[in-house]
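Quick notes on the structure that follows.
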Amino acid sequence: MELRQLTTPSERQHFARRLTEVRMMKGAGFGETHRSVVGEVHLAYGKLYGLFDENLAGGEMLGGFAMHDLAMFSQSYPKPDLTHLPPESVFECGELWAVAAGAGRLIRHGGAIIANELGARALLVYPILKPWNLSQGYPGFERVGEPIEWPYARTLDGGKILVQAMVGEQPAIQCALNEAGEYGFEVFDGGKRIHFRTPVGICTKRLDANRLLQAATVRPSQPSARQAA
């Protein structure tokens with residue numbers, strides 16, 4: 001598998017479009033509020049990474065995520081307090097999406113390698129807790145504080161979204177790195193591109209193209225919600 005930083009305008013636009021389509025699909029339907037620009041800031045100024053299977057023809061992007069350190073711009077929410085660490089060593093990760101089952105786990109696997117290359121001392125994530133619990137996909141991360149009512153997003157029917165702040169510090173990063181090292185990985189272009197092997201399979205079935213197309217044309221039923229990209 002290959003995880004690489006997306007640098008061209010076309011790649012970054014494709015990332016943003018796929019992120020929006022996946023989020024708008026039934027079963028994971030949510031979007032940012034009309035007032036929020038948090039996602040736009042992440043997409044415009046953060047580092048975007050895409051997952052590719054080099055064995056597949058066509059170079060399809062199977063998923064991706066955004067990352068920024070807190071010296072680039074601040075974390076999305078004031079909590080948790082990570083000021084005991086240098087801001088350039090704390091990385092917030094988010095905007096994760098995938099069009100194939102298993103791709104999300106591979107993205108987190110590769111992300112640990114990239115975090116190590118960037119000198120991360122802590123990784124900060126805000127996975128959704130309710131109405132869908134997505135917080136279980138971060139082994140070694142500690143839950144910090146109570147669930148947060150996320151002010152930046154709503155479900156497509158206007159419902160509230162709760163997230164759980166979670167932090168993975170150096171032991172968690174090192175544990176993931178050790179696991180990656182068991183199967184082998186190579187780092188290229190100063191950490192902008194990595195190849196890695198994993199025993200975890202990825203489903204060959206993709207999210208239905210017609211459903212993605214329908215999601216791309218769906219508009220939220222409440223005026224307070226909008227697409228994330």
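The values are calculated or read from the model by the stated rules, or taken from the named source; none is laboratory data. For clarity, every value in this text was computed on a predicted model and none was experimentally measured. No Cβ is skipped: glycine too gets one built from the backbone with ideal geometry, and neighbour counts run over all protein chains shown.
Points to keep in mind about this one:
- Here Ser76 clears all of (1) in contact with a strand residue (DSSP E or B) (Cβ under 7 Å, 6 or more places away or on another chain); (2) crowded, with 20+ Cβ neighbours inside 10 Å; (3) modelled with pLDDT under 95 except the condition numbered (3).
- Segment 173-197 residues that are loosely packed, with under 14 Cβ neighbours inside 10 Å, paired with ones that are modelled with pLDDT under 90 and part of a helix (DSSP H, G or I) (beta carbon under 7 Å, 6 or more apart): Arg197/Tyr183
- Complete set of residues in segment 163-177 that are β-branched (Val, Ile, Thr), touching a helix residue (DSSP H, G or I) at 6+ places or on another chain (Cβ under 9 Å) and closer than 13 Å to Phe91 by Cα: Ile173
- When segment 31-54 is filtered for residues that are surrounded by 22 or more Cβ atoms within 10 Å (Cβ to Cβ) and more than 15 Å from Phe65 (Cβ to Cβ), the ones remaining, listed by number, are Gly31, Glu32.
- Residue selected from segment 95-111 under the condition of a type in the set (Gly, Ala, Ser) and modelled with pLDDT of 90 or more, by the criterion nearest to Arg18 (Cα to Cα): Ala98
- Of the listed requirements (1) within 17 Å of the chain's Cα centre (by Cα); (2) within 20 Å of Met25 (Cα to Cα), Lys160 misses just one: (1).
- For segment 112-149, the tally of residues that are among the acidic types (Asp, Glu) and modelled with pLDDT under 95 stands at 1.
- Residue in segment 3-30 that is surrounded by the fewest Cβ atoms within 10 Å (Cβ to Cβ), counting only those that are modelled with pLDDT of 95 or more and in contact with a Lys or Arg (Cβ under 7 Å, 6 or more places away or on another chain): Gln5
- Filter result for the condition that a residue is touching a Ser or Thr at 6+ places or on another chain (Cβ under 7 Å) and surrounded by fewer than 21 Cβ atoms within 10 Å (Cβ to Cβ), over Leu156, Leu70, Leu82, Leu134: Leu156
- Residue list for segment 160-172, filter: outside any strand (DSSP E or B), at pLDDT 95 or above and surrounded by fewer than 18 Cβ atoms within 10 Å (Cβ to Cβ): Lys160
- The set of residues in segment 65-91 being under 19 Å from the mean Cα position of the chain (by Cα), under 21 Å from Glu146 (Cβ atoms) and aliphatic (A, V, I, L, M) consists of Val90 alone.
- Condition met for Gly145 (of a type in the set (Gly, Ala, Ser), under 20 Å from Glu95 (Cα atoms) and in contact (Cβ under 8 Å) with a residue 24 or more places away in the chain): no
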